[in-house]
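Below: one structure, written as structure tokens.
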Amino acid sequence: MRIISGYFKGKKISLPDDKHTRPLRDMVKESIFNLIEHSNKINLKIKDAFILDLFSGSGSFGLECISRGAKKVIFIENYFRAFKILNENIRHLNVEEKSKVINQDSFKFFNHNRSFDKKFKIIFMDPPYKEKKINYLIEQIKENKFLDENGVIIIHRHKLDDVQISQKLKILDIRKYGISKIIIGN
């Protein structure tokens, strides 16, 4: 796995060596960033943005944001091996000052964190494909006003996923890449 663009372009990042995590493929990641940067439906800039990366895994998405100029990324991950690799990747790229890593379940995170100094421009959610409670996260994000008014929630699901997304999220785009489905809304 590698960083696709920006300051760390081409730098490799490590992945857990087991089957409990599902890394975001480079092609899917690149497609997401092309949508963010070139879509007329999305009006935001990553530079100087605050990003929330839920179910972070190795940190591939959030580290890509930092490489492209994000001001700060909050990574939420509770699986021990992924959490360890995530911290190693942050140290390897020397981006500790732009990162905050929280070792917590993404669902429980919202029970304890009701406010932030800044609103997030991007909230990326990459839960396990079998996870069906993503609407709880969407509702918590919307209720607690974590998302900037021009910000987006990006959800990575399996292309055959049949979970009906909460009507609290206005869908801006849905794309399929291989076995992945990307839902972007605000």
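Values in this text are rule-based calculations from the coordinates and carry no lab data. Remember, predicted model here, so these are calculated numbers, not experimental data. All Cβ positions, even for glycine, are placed from backbone atoms using ideal geometry, and neighbour counts span all protein chains on display.
Miscellaneous remarks
- Cross-link check: pairs Lys130/Lys159; Lys100/Lys181; Lys29/Lys72; Lys121/Lys142; Lys72/Lys159 evaluated at a Cα-Cα cut-off of 22 Å; pairs beyond the cut-off: Lys100/Lys181; Lys72/Lys159.
- Placing a label point 7 Å from the Cα of Asn144 along the Cα-to-Cβ direction, the residues of the stretch 35-67 whose backbone N falls under 17 Å from that point are 50-56.
- Alpha carbon centroid spacing (whole Å) that separates the stretch 27-67 from the stretch 115-186: 13 Å
- Projecting the Cα atoms of Asn186, Ser58, Asn89 onto the charge dipole of the chain (Cβ charges, centred on the Cα centre) puts Asn186 farthest toward the positive pole.
- A viscosity of 0.692 mPa s and a temperature of 37 °C, combined with the Kirkwood radius over C-alpha pairs in the Stokes-Einstein formula, give the chain a diffusion coefficient of 201 µm²/s.
- Neighbour counts of C-beta atoms inside 10 Å place Arg175, Arg91, Arg68 in the sequence Arg91, Arg175, Arg68, starting with the fewest.
- Convex hull of Cα atoms in the stretch 49-151, direction-averaged projection (nm²): 6.3 nm²
- Fewest-first ranking of Arg25, Arg157, Arg2, using other Cβ atoms within 10 Å as the exposure measure: Arg2, Arg25, Arg157
- FRET efficiency for Gln164 and Arg81, using Cβ-Cβ distance with R0 set to 45 Å, rounded to 0.05: 0.90
- The relative contact order of the chain, computed from alpha carbon pairs under 8 Å that lie at least 6 residues apart in sequence, is 19 percent.
- Residue order for Leu15, Leu86, fewest other beta carbons within 10 angstrom first, comes to Leu15, Leu86.
- Residue with peak Gaussian network fluctuation, the chain [Cα springs, cutoff 10 Å], from Gly59, Gly151, Gly69: Gly69
- Across all directions, the average projected area of the convex hull around the alpha carbons of the stretch 1-64 is 4.8 nm².
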